[in-house]
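Engineer: Below is the structure I would like to discuss, written out as structure tokens.
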Amino acid sequence: MFGISDRLVLRTLDGAVDLLMEELRSLPSVHSIRQVSGVVVECTVDGWLGELAGCALYSTVAIALPGQSGLCGFLRPLERSSESGVLKTLGARIGFRVGVQDPAVRQGLIAAVEDQLGWVNRPGDWDVNLTCSTDGWIAEVGSLSWMRRFGQLERLPWSTTPLVAEVLVRLAKVRAGQRVVDPFCGTGTILLAVRRREPTLRVVGTDRDPRAIAIARRNAGQSIDLAQATADALPFPAGSVDRVITNLPFGKQVGSHRANRTLYPAVLSEIDRVLAADGRAVLLTEDKRLLRSAIEQQRALKVARHRLLRYNGATPTAHVLTRPHRRAP
């Protein structure tokens, strides 16, 4: 990756901004970090872009554009970035699109960018997307989108989104050499996030759906162990699992609230059986009252902390469970 100097805008998940900022502070090339909104963080990068590109807690990277300072002021950050910033990594003939509905605004910007920057209007195969978001005008950099950095995953409609998976893994506080299990692994999104976080972990996924297991195997290759099994009868000895990280059936696209009344207590009992004495489980669900009730009735595990997430119209909560005698660090 190239050495650059640029002021960038990163978009993440609602409920994950603090985790993103914490991770950015650990990168030597990133500084002047500022939260802009519930999903947006600004930062300055001075150094190798590879450090920022390796962070998996944001979905897009963009350059902020001052929309109120006239066309010259609007284009100046793009010129600077092409000389010494992230756009320098894209080469001379940058393809772009203007993602706004107003035809007059769109055509005016296309003409100005082509004339003053020499870029090529290429809406179907763009490097930079000039668009106006709720936080103002930005220039999204396609090569730094999540999928371009980490690869396209084969999914099912109810698959865990990559950013959600990354948040759950951070909450699990995984450590080198541990065994990590996802008992509702689906297409393997959480398992791959675990592997990215700590390559030395022993990662295992189970699911009752053979179609999901087949997709997870294609997504993960040979790097992750997969087995068809139900979450209330896991194929692991007692106390042999250090971390359980999973996206429980919400009872919407998969299962039902009625089925969860039986499923959640059974899954909690099985997690209690396989989890090590100092283990930790991170369970995500939108059927949160039912999960809380099941936890209170079981008493073998307790909620050490929880985190509300918002995405795609859903508002699930991630529950971090530990043994009652342990405090979450």
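The values are calculated or read from the model by the stated rules, or taken from the named source; none is laboratory data. Predicted model only: the values in this text are computed from it and were never measured. Note: ideal-geometry Cβ built from the backbone for every residue, glycine included; neighbour counts use all protein chains shown. When the accessible area is computed, the model is the full protein with side chains, heavy atoms only, and any ligands, DNA or RNA have been set aside. Shrake-Rupley method; radii C 1.70, N 1.55, O 1.52, S 1.80 Å.
Engineer: Could you work out the helix-only [θ] at 222 nm for the chain, with each DSSP H run of four or more residues adding -39,500 (n - 2.57) and the total divided by the number of residues, to the nearest 500 deg cm²/dmol?
Structural biologist: Rounded to the nearest 500, it is -10000 deg cm²/dmol.
Engineer: Just name one of Tyr58, Gly47, Pro157: the one whose Cα is farthest towards the positive end of the charge dipole of the chain (beta-carbon charges, Lys/Arg +1, Asp/Glu -1).
Structural biologist: It is Pro157, whose Cα lies furthest towards the positive end.
Engineer: Can you work out the accessible area per residue across the chain, with the rest of the protein chains kept in place, probe 1.4 Å, in square angstrom?
Structural biologist: Solvent-accessible surface per residue comes out at 46 Å².
Engineer: Build a GNM of the chain with springs between Cα atoms under 10 Å: which of Val17, Val45, Val100 gets the top mean-square fluctuation?
Structural biologist: Val100
Engineer: May I pose another question? I'd like to know how the stretch 42-165 sits against the 2.2 N^0.38 Å rule of thumb: what's its Cα Rg over that expected value?
Structural biologist: The reported ratio for this selection is 1.12.
Engineer: Taking the Cα atoms of the chain alone, what are Rg (to one decimal) and Dmax (as a whole number) in Å?
Structural biologist: 22.2, 68
Engineer: Using Cα pairs closer than 8 Å and at least 6 residues apart in sequence, work out the relative contact order for the stretch 254-312, in percent.
Structural biologist: This gives 38 percent for the stretch 254-312.
Engineer: Please tell me the relative contact order of the chain in percent, rounded to the nearest whole number, where contacts are Cα pairs under 8 Å and at least six residues apart. If you can, show how the numbers build up before the last one.
Structural biologist: Values: 666 pairs, mean separation 40.3, N = 329.
Once normalised by length, the contact order is 12 percent.
Engineer: How big is the charge dipole of the chain about its Cα centre, in debye rounded to the nearest 20, if each Lys and Arg gets +1 on its Cβ and each Asp and Glu gets -1 on its Cβ? Kindly include the intermediate steps, with their values, before the conclusion.
Structural biologist: Working: 43 positive and 32 negative charges, 244 e Å.
Value, rounded to 20: 1180 debye.
Engineer: Roughly how large, in nm² to one decimal, is the mean projection of the convex hull of the alpha-carbon atoms in the stretch 104-201?
Structural biologist: Taking a quarter of the hull surface, the average projection is 9.2 nm².
Engineer: Positive end of the dipole of the chain, charges at C-beta (+1 Lys, Arg; -1 Asp, Glu), about the Cα centre: which of Thr285, Val267, Leu248 has its Cα farthest in that direction?
Structural biologist: Of Thr285, Val267, Leu248, it is Val267.
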